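Laboratory data are not the source of any read-out in this text; all were calculated from the coordinates shown. Because the structure is a prediction, the values reported are computed rather than measured. With ideal geometry, Cβ positions are generated from the backbone for all residues, glycine too; neighbour counts draw on all protein chains shown.
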């Protein structure tokens, strides 16, 4: 120990073990002994101790929850960034065009940020129309959140999930980005396939319902199909061989192992109880009130309807393969031509003059 | 999930091999400290958070080209500082604003009350703390980097873009000033005691 030769307060302050003792009280007995044996250092020790106490120690600038949220956001932004540079792999002429477009998008993004400091909304993908910037949604609540898309599709975003989608989809395809878990009900449109991008894979459908679990901190991405046919493939990395394409049928699921960049063999999967997949939405002679309350619990929405007017209304219908908006439309049309609905956020308002 | 006890350099190597878990570990380890530092450089806390995220984004996006830094902590702190400075500079140009204090170190030291048991210590520490918080911004920043972030003189110098001698001077001048004023007050107190008792 050369501690006996210390002559300045700073030497003590810079001694990690000394600091440790002052801040945490570690090895108190040892230090008490040392001070007793080195009485001439008492004043230095005392001053250094006061100084360290006055300086304090590192206070964390964020809680664990805030840190994880920031981590999620960072992955999200990395993902956006990686996507934005993809067009550069195209032929030279296209590179120039893409660069100009990217610059314009970047400038728009930057200017918009100037006007709204603190918020960041995902930047639009090259495929989207210029000027129709993406909407970014982060479900920071503890309950699933319903998202209605412009094309009538419904997405139920689980807590912690993030979704970005354009205000208006491109003419040839509908593209969204997901991180976290969500259940999709996609309105049918053969001309405009629907694509869901996650970090590692892209899931393509025409019109169907399926669930994707793509949490950033999980080793696997899982896609589970409820109805229809779903194509899943790896997002291609720079000029690699053709991406593996997996076709899934109803009640099948596939896992993508991130560390191996491989899909596992698709398997039939038991439908998780209580999940929306479990509900078949087949009603025979059911009171309208029962149908509405089933929809309410499945989608986490509230439905306001005139109880008195609809008390004696019964319906038989099968709604399993439809997004929420279509379901509501079918139910309302089935009740009577004098029945309409509108959505305000997670709130559905049904107006009716009674049933046929 | 990778082991949070791994040394930074090893985490960094894993990240270069696309290990997302290692990235998560590194993020969790340093985000709170970096955000704390960022917030002491600007009152705009959203900006601070943004710059910390961008510093981390860069690590992942350019992981293949980045060399393993000698000190990951110093590397990250420097990244945050540089980004905030750049953004504030850009804001000044674009908005023609002149927030004189922006970008200057505004951190206030808080005494470690939980380690103080007697009144005399509390009084002395309080007094020192007041003096510390009155030091010029750059001296406070050097002290913060030395004693809160555990950086050595060379790292502080590189981060503050000064030579090591200047960094050392900043630290010593700060402590010297405090001790002079403080010791002075202790003497006055001793004199008073002599007169009255």
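A simple spin-label model places the labels of residue B:120 and residue B:165 4.2 nm from each other, with each point 7 Å out along Cα-to-Cβ.
Quick check on the range B:8-95: what does the Kirkwood estimate of hydrodynamic radius come out to from the alpha carbon pairs, in Å? Can you show the working numbers first?
Values: mean 1/r = 0.0746 Å⁻¹.
Taking the inverse mean of 1/r over all distinct Cα pairs, the range B:8-95 comes out at 13.4 Å.
Between residue A:189 and residue A:290, the simple spin-label model (points 7 angstrom out along Cα→Cβ) gives 3.5 nm.
Can you give the FRET efficiency to the nearest 0.05 for residue A:28 and residue B:130, using r as the Cβ-Cβ distance and R₀ = 35 Å? Taking R0 as 35 Å, the efficiency between residue A:28 and residue B:130 is 0.80.
Give the average, rounded to an integer, of partner chain Cβ atoms located within 10 angstrom of each Cβ in A:68-77. Please report the intermediate quantities before stating the final value.
Details: counts 4, 1, 11, 7, 0, 4, 12, 8, 2, 7.
That works out to 6 on average.
Would you mind getting me the FRET efficiency between residue A:172 and residue B:16? Use the beta-carbon distance for r and R0 = 45 Å, nearest 0.05. Could you put the intermediate results ahead of the total?
Working: r = 38 Å, r/R0 = 0.85.
Approximately 0.75, to the nearest 0.05.
Using the average count of surrounding beta-carbon atoms within 10 Å as a protection proxy, the listed peptides B:146-154, B:72-80 rank, highest first, as B:72-80, B:146-154. Placing dummy labels 7 Å off each Cα toward the beta-carbon, the span from residue A:15 to residue A:280 is 7.8 nm.
Annotation: extensible slack from residue A:35 through residue A:311 equals 90.7 nm (criterion: 0.36 nm per residue apart, minus Cα-Cα distance).
Counting partner chain Cβ atoms within 10 Å of every residue's Cβ in B:49-60, what's the average? Each step should come with its number before you reach the end.
Details: counts 7, 7, 0, 4, 9, 3, 1, 6, 8, 2, 2, 7.
Taking the mean over all residues of the peptide, I get 5.
Shape call for the range B:140-181 from the C-alpha gyration tensor, a ≥ b ≥ c root eigenvalues: rounded (a/c under 1.5), prolate (a/b greater than b/c) or oblate? Oblate is the answer for the range B:140-181, as a/c is 1.5 or above yet b/c matches or exceeds a/b. Per-residue shielding of B:114-120, expressed as the average number of other chain Cβ atoms within 10 Å of the residue Cβ, stands at 2.
With r defined as the distance between the Cβ atoms of residue A:42 and residue B:62 and R0 fixed at 30 Å, what FRET efficiency is calculated, to the nearest 0.05? Walk me through the numbers on the way to the answer.
Working: r = 52 Å, r/R0 = 1.74.
Step by step, r from the Cβ atoms, then E = 0.05.
As a size descriptor, the averaged projected area of the C-alpha convex hull of the range A:169-240 was calculated at 5.2 nm².
How high is the relative contact order of the range B:8-95? Use alpha-carbon pairs under 8 Å, at least six apart in sequence, and give a whole percent.
On the way: 64 pairs, mean separation 29.5, N = 88.
With pairs under 8 Å counted, the relative contact order is 34 percent.
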